[in-house]
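The values are calculated or read from the model by the stated rules, or taken from the named source; none is laboratory data. These numbers were taken from a predicted model, which means no experiment stands behind them. Cβ sites come from the backbone with ideal geometry, for glycine too, and all protein chains shown count toward neighbours. Calculation scope for accessible area: heavy atoms of the full protein, side chains included, ligands and nucleic acids excluded. Shrake-Rupley method; radii C 1.70, N 1.55, O 1.52, S 1.80 Å.
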Amino acid sequence: MDAAAQPMDACPLCGAGAAVEAQAQTLALAGLGVAHIGFGHCDSCGHIHQVRRASDALLREHYAAYSNYTCFDPQAARAAPPGNLTRRLLSLAEARAPKGMAYEVGCATGYHLTHFRHAGWAVGGCDPSPKAVAQAREIFDIAVDCGTDAQMLPRRGDLALVLFSHVLEHMVDPLAALKLAHAALGPDGVVLLEVPCATAPELVAPGWFTLEHLHYFSEAGITRLLEAAGFAPLELRISFRAELYPVIAVVAAKTGRRVPVGPDALAAAESRRFLEKLIAHDDAIWQATRARLAEVAGPVYVWGAGVHTAQLLDRTPVYGKIKGVIDRDSQKWGSMLADHAIISPDAFFARAEDVPVVISSYNAERQIAQSLSEAGVAARNIVRLYT
Ligand SMILES: [Zn+2]
């Protein structure tokens, strides 16, 4: 399937047809063919988003088959203390949310919800991935609805808390989702969310503009979105270095009115400036990556068959050197990434070839290098791109 880009849509927040593209990406995606997407902003309201995105069918298939956030180690997940993200969310909830039913949209295996339950909330949630829903019951004994926010939120009412943890930026229509959350909350209920924050472009990791993220919110931008859905922020917290990029967590209460997103020349100018700096920062990182790869004689294996590898193929000439692609996710084995069938780590190790392995991951580079070393891959054949 060669999925062509959809034409530029109207702005998903204000409806204006004023999209300006700042960066185009052509992504060869495991098992899905090629997607042509573009990132930029709405020159009317300033909203930064994918101004050209992959088709709904491609995104559905991507999430269903390859990016379904399932858990590789149930026992470790059950024993794990709350991670940093869970602790940020819980801290805001403890400060601002009433106790009652906490319902998480896009809850995956329920790894936040289990800690909300320990803290005294009744918990529920929904996720479109049947595998994640099954794991939520199996690992944490949480009954999760299998479906989307649009299918599941209308069946709920009088909720104390609706949680969107790194979910709104994935949604085609985050405003519609927040309006549904508004209707499902009790009068004192709050919405709690965290999203990547479009601030401090010099701090973002390579590949910040990515297939799955359709929207990018600044502090003012997320506030406008919430106000358009009938909420007002009670508290906003930006964490600059907690993740691979700045993030913003917000807890917001219901108000009696919706404030539609309209033209905002200052916000549009702010977005233009942000994008200029971000693109310059991103280009500099990829230039360094190209220089690093130029030192490596081919052929090479690439470790990792995800979206980061699609970006690596788009932004560097590594494709001509690739002998094979390896991924630890069994769902990807046998699928094609461009002209290469993806193989398992075991299949790669069994070949015992004296060939460099390029690690295509920013956030897991160190761990992957360590596991390659432990598996007997010579240090000279382990190619780290970032550290
Ligand atoms: Zn707009």
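Counting only helices (runs of 4 or more DSSP H) that sit completely within the stretch 1-107, those holding 3 or more residues that are at pLDDT below 95 correspond to 56-65, 74-79.
Ala57 meets each of the listed conditions (1) crowded, with 17+ Cβ neighbours inside 10 Å; (2) more than 16 Å from the ligand (Cβ to nearest atom); (3) over 26 Å from Leu193 (Cα atoms) apart from (1). Scanning the stretch 332-341 for residues that are closer than 19 Å to Ser371 by Cβ and open to solvent by less than 90 Å² (accessible area, probe 1.4 Å) gives a single hit, Lys332. In the stretch 204-224, the residues that are in contact (Cβ under 8 Å) with a residue 24 or more places away in the chain reach residues that are basic (Lys, Arg) with C-beta atoms within less than 9 angstrom, at least six apart or across chains, in these pairs: Pro206/Arg315; Gly207/Arg315; Leu211/Arg53; Leu214/Arg53; Phe217/Arg224.
Taking the stated definitions as given, is His118 in contact with a Leu (Cβ under 8 Å, 6 or more places away or on another chain) and either surrounded by fewer than 23 Cβ atoms within 10 Å (Cβ to Cβ) or among the aromatic types (Phe, Trp, Tyr) (or both)? For His118, the condition - in contact with a Leu (Cβ under 8 Å, 6 or more places away or on another chain) and either surrounded by fewer than 23 Cβ atoms within 10 Å (Cβ to Cβ) or among the aromatic types (Phe, Trp, Tyr) (or both) - is not met. Looking at the stretch 46-77, which of its residues are among the β-branched types (Val, Ile, Thr) and over 30 Å from Ser271 (Cβ atoms)? Selection gives Thr70 alone. Tallying residues that are open to solvent by less than 50 Å² (accessible area, probe 1.4 Å) and under 20 Å from Leu211 (Cβ atoms) within the stretch 297-321 yields 15.
Would it be correct to say that Leu178 is part of a strand (DSSP E or B) and touching a strand residue (DSSP E or B) at 6+ places or on another chain (Cβ under 9 Å)? No: the conditions fail for Leu178.
Among the residues of the stretch 153-167, is there at least one that is open to solvent by less than 10 Å² (accessible area, probe 1.4 Å) and more than 24 Å from Gly110 (Cβ to Cβ)? So far as the stretch 153-167 goes, no, none of its residues is open to solvent by less than 10 Å² (accessible area, probe 1.4 Å) and more than 24 Å from Gly110 (Cβ to Cβ). Taking the stretch 28-40 as the range and being away from the ligand (no atom under 16 Å from the Cβ) and within 16 Å of the chain's Cα centre (by Cα) as the test, the residues that pass are Leu29, Ile37.
Remark: pairs (first residue in the stretch 10-21, more than 21 Å from Ala229 (Cα to Cα) and open to solvent by 40 Å² or more (accessible area, probe 1.4 Å); second residue of a type in the set (Asp, Glu) and more than 7 Å from the ligand (Cβ to nearest atom); Cβ separation under 7 Å; 6+ apart in sequence or on different chains) = Val20/Asp43.
Screening the stretch 254-270 for residues that are within 11 Å of the ligand (Cβ to nearest atom) and open to solvent by less than 100 Å² (accessible area, probe 1.4 Å) and picking the one that is farthest from Ala228 (Cα to Cα) gives Ala268. Of the residues that sit in the stretch 342-370 and are over 25 Å from the mean Cα position of the chain (by Cα) and of a type in the set (Gly, Ala, Ser), which one is least open to solvent (accessible area, probe 1.4 Å)? Selected residue: Ala347.
Checked against the criterion of being within 16 Å of the ligand (Cβ to nearest atom) and under 17 Å from the mean Cα position of the chain (by Cα), the stretch 41-49 contains one or more residues that satisfy it.
Of all residues in the stretch 262-299, those satisfying the criterion of being among the aliphatic types (A, V, I, L, M) and under 27 Å from the mean Cα position of the chain (by Cα) are Ala267, Ala268, Ala269, Leu275, Leu278, Ile279, Ala280, Ala284, Ile285, Ala288, Leu293. Among the candidates Ala108, Ala143, Ala134, the residue that is out of contact with any helix residue (DSSP H, G or I) (no Cβ under 8 Å at 6 or more places or on another chain) and within 17 Å of Cys71 (Cα to Cα) is uniquely Ala134.
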